[in-house]
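Okay, structure first, notes after.
The values are calculated or read from the model by the stated rules, or taken from the named source; none is laboratory data. All figures in this text were calculated on a predicted structure; none of them were measured in a lab. Note that we place each Cβ from the backbone using ideal geometry, even for glycine, and neighbour counts take in every protein chain shown. Protein only, heavy atoms only, side chains kept; ligands, DNA and RNA dropped before computing areas. Shrake-Rupley method; radii C 1.70, N 1.55, O 1.52, S 1.80 Å.
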Amino acid sequence: MKVYGTDICIDCRNYKAIQKRRGFEAEYIDIIENTTNMKEFLKMRDLDLVFEPVRENHGIGVPLFIREDGEKTFDIDVALSWIGQEPVKEEEIVERR
């Protein structure tokens with residue numbers, strides 16, 4: 001699984017904390033780490049229909065989870081199910097809004 005995110009996003013920070021605590025593998029791509037990552041993400045964001053509601057609401061669209069077969073979701077529980085993980089438990093959320 002690939003995960004696009006950035007450390008300035010609370011949901012991305014929570015995802016990374018869960019990944020670290022549980023110890024599962026996933027490729028994390030920080031979209032603001034360099035221009036290559038940013039361009040790759042923006043191309044998807046501009047063209048992929050999964051981002052339509054995000055664009056309409058002026059959101060960014062991270063974290064974005066991509067399964068090996070290309071399926072995309074913004075739902076962490078769906079993404080975790082792809083790799084045989086349980087849904088997020090309340091006590092695993094390290095930062096609250």
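Points to keep in mind about this one:
- Heavy-atom accessible surface of the chain: percent carbon and sulfur, 1.4 Å: 50
- Residues in segment 51-83 reached by a label modelled at residue 22 [backbone nitrogen below 19 Å; 7 Å Cα→Cβ]: 62-83
- Between helix 10-22 and the chain: long-axis angle, C-alpha atoms, 0 to 90°, nearest 10: 40
- Degrees, to the nearest 10: 35-47 long Cα axis against longest axis of the chain: 80
- Counting only protein chain heavy atoms and rolling a 1.4 Å probe, the accessible areas of 96, 55 rank, largest first, as 96, 55.
- Taking the chain as the region of interest, the number of lysine pairs whose Cα atoms are within less than 25 Å, with members eight or more places apart or on different chains, is 15.
- Label point distance in nm, residue 46-residue 33, each placed 7 Å from Cα along Cα→Cβ: 2.2
- For residue 83, the solvent-accessible surface with a 1.4 Å probe is about 60 Å², rounded to the nearest 10.
- Loop chymotrypsin sites (Phe, Trp or Tyr not before Pro), segment 1-89 (other Cβ atoms within 10 Å of the site Cβ: 14 or fewer; DSSP): 24
- For the pair segment 47-69 and segment 83-97, the centres of their Cα atoms are 21 angstrom apart.
- Accessible area (Å², 1.4 Å probe, nearest 10) - residue 71: 80
- Taken about its Cα centre, the chain carries a charge dipole of about 240 debye when Lys and Arg each add +1 at the Cβ and Asp and Glu each add -1 at the Cβ.
- Radius of gyration and Dmax over the Cα atoms of the chain, both given in Å: 13.1, 36
- Taking all protein chains together and rolling a 1.4 Å probe, residue 42 ends up with roughly 70 Å² accessible.
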